[in-house]
Amino acid sequence: MVKISGEEKKKYKIQPPPANIIFEYGKDDIAKYMEENGFAVMGKRKRAEEEKVESRWQGELDFYIREKACHKFLRHCYEMALHGKEAMGFLIGDVRQWNGIYSVVHDAVTASLDASPVYVRFSKEAYEEIFDKLDEIDYEYVIVGWYHSHLGYTSFMSSIDIETQRKYFNQPFHAAIVVDPIEKQMKSFRLINNECIEIPYAIFR
Ligand SMILES: [Zn+2]
């Protein structure tokens with residue numbers, strides 16, 4: 001995991017942001033999107049065990065997710081939730097430059113997880129498995145962040161999540177996605193000046 005920044009394989013490409021946006025956070029309803037695509041799980045709202053840290057909102061769109069990748073991690077979160085477990089994985093993509101820097105998620109990668117309803121982390125073997133999977137990717141990529149799920153206690157960054165972000169995903173282009181398949185929420189965050197800020201995202205085709 002310490003290798004994350006070192007895994008970057010290319011410099012920022014100058015390119016306009018994806019045009020074919022099918023979902024924009026803040027304008028469209030994510031609960032409806034998750035229901036319509038079959039990623040909502042029946043369950044009860046729960047009280048969070050993890051401490052929620054209030055995040056400020058930054059409105060400028062600089063985070064784009066390819067629909068296929070989005071469905072891949074939403075399906076992972078959905079399937080793990082059916083077993084009462086949290087999911088987690090890496091977001092693979094690239095960082096580009098147009099009117100400022102923005103990042104794009106092209107794929108999601110995960111591995112064997114040590115998970116419970118309120119806890120998730122990669123097992124030791126998972127790191128090797130994940131880096132093997134990364135080696136299989138035949139295009140140049142950047143790890144642009146990570147995703148994980150909360151089961152029925154809403155999408156937010158806990159103090160533990162923020163610790164993970166500061167430790168492993170502390171580049172300005174790194175994002176965190178938190179999915180709650182029961183509460184039908186998906187939110188994204190970045191560290192800006194070491195503070196965890198909620199940011200909008202767009203899904204494109
Ligand atoms: Zn969390």
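All of the numbers you see were taken from the coordinates with simple rules; none came from a lab. The model shown is predicted, which means the values in this text are computed figures rather than measured ones. Glycine gets a Cβ as well: all are built from the backbone with ideal geometry, and neighbour counts include every protein chain shown.
Entry for the chain at q = 0.11 Å⁻¹: log10 I(q)/I(0) = -0.46, Debye formula applied to identical alpha-carbon scatterers, no solvent contribution.
Backbone phi angles across the stretch 186-193, fed through the Karplus curve with coefficients 6.51, -1.76 and 1.60 (θ = phi - 60°), yield HN-Hα couplings of 8, 10, 10, 9, 9, 8, 10, 6 Hz in residue order; Gly and Pro are listed as x. Along the stretch 178-184 the Karplus relation, 6.51 cos²θ - 1.76 cosθ + 1.60 evaluated at θ = phi - 60°, assigns HN-Hα couplings of 10, 10, 10, x, 8, 7, 6 Hz to successive residues, with x for each Gly and Pro. What FRET efficiency comes out for the pair Asn170/Asp132, r = Cβ-Cβ distance, R0 = 35 Å, nearest 0.05? Given R0 = 35 Å and the Cβ-Cβ separation, E is 0.90.
With a simple spin-label model that places each label point 7 Å from the Cα along the Cα-to-Cβ direction, the separation between Thr154 and Glu79 comes to 3.0 nm.
Note on Glu195 and Ile22: the extension gain reaches 59.3 nm, defined as 0.36 nm multiplied by sequence separation minus the Cα-Cα distance. Along its first, second and third principal axes, ordered by size, the stretch 151-205 spans 30, 30, 15 Å in Cα coordinates. A simple spin-label model places the labels of Glu35 and Glu49 3.0 nm from each other, with each point 7 Å out along Cα-to-Cβ.
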